[in-house]
Amino acid sequence: MSIETKTVKQAIHDKLESQVKAAEAKLETLKARAEVAKANVEIKAIADLAAPKLEIHQKLQELKKSGDGHGDRVKAELEAKVAAFEKSVKDIESKVNAH
């Protein structure tokens with residue numbers, strides 16, 4: 001094989017290797033962006049639970065202060081809110097653990 005042929009092959013190799021490395025770098029950047037986006041979605045989901053959590057605490061106080069007749073209604077509302085809150089937390093937990 002002539003020196004010229006070796007030089008041409010090396011140039012082609014170098015060019016293709018450079019293209020592969022550039023594509024791999026872009027892929028890593030995309031992967032990092034995806035991880036950040038996923039984290040942001042999880043953070044938002046957790047933040048979205050702040051209002052229901054506050055409502056539950058308010059209902060707990062209301063239950064503590066309520067009379068017998070009113071207490072059953074508050075208890076039922078509270079149980080529904082707690083069940084929904086627990087489900088939301090489990091949903092977030094499963095998404096976090098899945099990744």
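The values are calculated or read from the model by the stated rules, or taken from the named source; none is laboratory data. As the structure is a computational prediction, the values presented were derived from the model and not from experiment. Methodologically, a virtual Cβ is constructed for each residue, glycine included, from the backbone with ideal geometry; neighbour enumeration extends over all protein chains shown.
Here's a check for you: in region 2-49, which residue that is of a type in the set (S, T, N, Q) and surrounded by 10 or more Cβ atoms within 10 Å (Cβ to Cβ) is farthest from LYS95 (Cα to Cα)? Reasoning before the result, please.
Taking region 2-49 as the starting set, the residues that turn out to be of a type in the set (S, T, N, Q) are 2, 5, 7, 10, 18-19, 29, 40.
Filter once more, so that each one left must be surrounded by 10 or more Cβ atoms within 10 Å (Cβ to Cβ): 7, 10, 18-19, 29, 40.
Working: THR7: 52, GLN10: 47, SER18: 37, GLN19: 35, THR29: 22, ASN40: 13 Å.
Looking at the filtered set, the residue picked out is THR7.
Assess whether LEU63 counts as being within 27 Å of SER88 (Cα to Cα) and either acidic (Asp, Glu) or touching a Phe, Trp or Tyr at 6+ places or on another chain (Cβ under 8 Å) (or both). Taking the combined requirement at face value, the residue does not satisfy it. For region 17-25, check the following and say yes or no: at least one residue is of a type in the set (Val, Ile, Thr), closer than 30 Å to GLU86 by Cβ and not assigned by TED's automatic domain parsing to the domain that holds SER94. No: zero hits.
Taken over region 52-99, the criterion of being surrounded by 10 or more Cβ atoms within 10 Å (Cβ to Cβ) and acidic (Asp, Glu) is satisfied by GLU55, GLU62, ASP72, GLU77, GLU79, GLU86, ASP91, GLU93.
For every residue, the table says whether it meets (1) in contact with a helix residue (DSSP H, G or I) (Cβ under 6 Å, 6 or more places away or on another chain); (2) not aliphatic (A, V, I, L, M).
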residue	(1), (2)
ALA34	no, no
LYS44	no, yes
ASP48	no, yes
GLU62	yes, yes
ARG73	no, yes
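Test VAL41 against the criterion of being touching a residue at least 12 places away in the same chain (Cβ under 8 Å) and β-branched (Val, Ile, Thr), and give yes or no. Considered against the rule, which asks whether it is touching a residue at least 12 places away in the same chain (Cβ under 8 Å) and β-branched (Val, Ile, Thr), VAL41 comes out as no.
Take ILE92 and tell me if it is of a type outside the set (Asp, Glu) and touching an Asp or Glu at 6+ places or on another chain (Cβ under 8 Å).
Values: of a type outside the set (Asp, Glu): yes; touching an Asp or Glu at 6+ places or on another chain (Cβ under 8 Å): yes.
Here the answer is yes, as ILE92 does meet what is asked.
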